Amino acid sequence: MKTFLLEIYTPYGKYFDRYVDELVIQTEEYVLGILPNHAPLVAKVKVSKMEIIQNGQKKCYAIAEGLLNVKKDGVVLLVDAIESKEDIDIDRAKQAKDRATKRLEEPLNIDIERATKALIRANNRIAIYENDD
Ligand code: ATP
């Protein structure tokens, strides 16, 4: 099986640095299934589910906003935040959802865009945690 090097960085440093079979990731425009020798590109990625297939095994992650660079010799992903499905703290995500929802119900003197983005991140984590795959 052909593989490619996937490197993932967060504001805290290197999160992932391994050879993988495939990366499935949502850019602002498409869901991309990236295999070895994919055409080079740069794209913004959405708050969404991401999948890494390594040694034939699929693993799911929640990602926040980021930037993807598919290069000739590998893939680099910079993301604001990433958690594997099993690392998602569901209570924390539900609390974040409640906080953002309450703020948006009384949107005086709040940063609506910030609260909306927080809600999207929380909903994404909850959906991935509750998803069966
Ligand atoms: P919160 O308000 O709970 O911090 P948030 O969406 O504002 O949520 P982020 O700014 O996206 O949080 O992430 C900050 C850090 O906390 C990142 O390292 C991220 O991986 C981690 N993180 C946030 N929420 C969770 C969660 N529910 N489970 C595990 N890690 C989380």
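The values are calculated or read from the model by the stated rules, or taken from the named source; none is laboratory data. Keep in mind that this is a model prediction, so the values were computed, not measured. Heads up, the Cβs are rebuilt from the backbone with ideal geometry, glycines too, and the neighbour counts pull from every protein chain shown. All accessible areas refer to the heavy atoms of the entire protein, side chains included, with ligands and DNA or RNA removed. Shrake-Rupley method; radii C 1.70, N 1.55, O 1.52, S 1.80 Å.
From the list Asp89, Asp73, pick out the single residue that is more than 19 Å from Tyr9 (Cβ to Cβ) and either touching a residue at least 60 places away in the same chain (Cβ under 8 Å) or not β-branched (Val, Ile, Thr) (or both).
Asp89
The number of residues in the range 85-133 being of a type in the set (A, V, I, L, M, F, W, C), part of a loop (DSSP other than H, G, I, E, B) and more than 11 Å from Ala62 (Cβ to Cβ) comes to 2.
Scanning the range 33-65 for residues that are part of a strand (DSSP E or B) and either charged (D, E, K, R) or over 18 Å from Ile128 (Cα atoms) (or both) yields a total of 11. Scanning the range 10-18 for residues that are among the small types (Gly, Ala, Ser) and away from the ligand (no atom under 16 Å from the Cβ) turns up nothing.
Inside the range 94-109, residues that are open to solvent by less than 90 Å² (accessible area, probe 1.4 Å), within 13 Å of the ligand (Cβ to nearest atom) and free of Cβ contacts under 8 Å to residues at least 24 places away in the same chain make up a count of 3. One residue is enough: does the range 83-93 have a residue meeting the conditions open to solvent by less than 40 Å² (accessible area, probe 1.4 Å) and touching a Gly at 6+ places or on another chain (Cβ under 9 Å)? For the range 83-93, residues open to solvent by less than 40 Å² (accessible area, probe 1.4 Å) and touching a Gly at 6+ places or on another chain (Cβ under 9 Å): absent.
Regarding Lys58, is this residue assigned by TED's automatic domain parsing to the domain that holds Gly13, more than 19 Å from Tyr12 (Cβ to Cβ) and modelled with pLDDT of 95 or more? Yes: the conditions hold for Lys58. Residue check: Arg18 meets all listed conditions (1) open to solvent by less than 30 Å² (accessible area, probe 1.4 Å); (2) under 20 Å from Thr3 (Cα atoms); (3) of a type outside the set (Gly, Ala, Ser) but one, namely (1). Looking across Asp21, Asp17, Asp73, one residue alone is in contact with a Gly (Cβ under 8 Å, 6 or more places away or on another chain) and not assigned by TED's automatic domain parsing to the domain that holds Ile126. It is Asp21. Of the candidates Ile90, Ile52, Ile112, the single residue that is in contact with a Lys or Arg (Cβ under 9 Å, 6 or more places away or on another chain), within 15 Å of the ligand (Cβ to nearest atom) and among the β-branched types (Val, Ile, Thr) is Ile90. Taken across the range 22-44, residues that are surrounded by 17 or more Cβ atoms within 10 Å (Cβ to Cβ) and in contact with a helix residue (DSSP H, G or I) (Cβ under 7 Å, 6 or more places away or on another chain) do not occur at all.
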